[in-house]
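Notes for the one structure printed next.
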Amino acid sequence: PGFLNFISPLVSSVPVSSILMGDMAILREGKDCGCGIDTPYFEVLGRAGRIQTRSCAIAASEYIKGGEYE
């Protein structure tokens, strides 16, 4: 198991093209599915950690306002 990371081949105008998700997943081989399609797929196990995932913008906003960020 590991963190799910999304990399978009479509975003080329900004340097941020990789997004680390807050989800844990396992990469499975297509033959494990049983559907007849031999394409690898992700089995999403659920959210990582116990706190709600927040974006960098929300964290920065809370920091500027003097709030706590976990």
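The values are calculated or read from the model by the stated rules, or taken from the named source; none is laboratory data. Because the structure is a prediction, the values reported are computed rather than measured. With ideal geometry, Cβ positions are generated from the backbone for all residues, glycine too; neighbour counts draw on all protein chains shown.
Assorted remarks:
- In region 41-52, the residues that are assigned to a loop (DSSP other than H, G, I, E, B) form Cβ pairs under 6 Å with partners that are surrounded by 13 or more Cβ atoms within 10 Å (Cβ to Cβ) and at pLDDT 85 or above, at six or more places apart or across chains, as follows: Ala48/Met24.
- Scoring Glu43 on the criteria (1) at pLDDT 70 or above; (2) loosely packed, with under 12 Cβ neighbours inside 10 Å leaves a single failure, condition (2).
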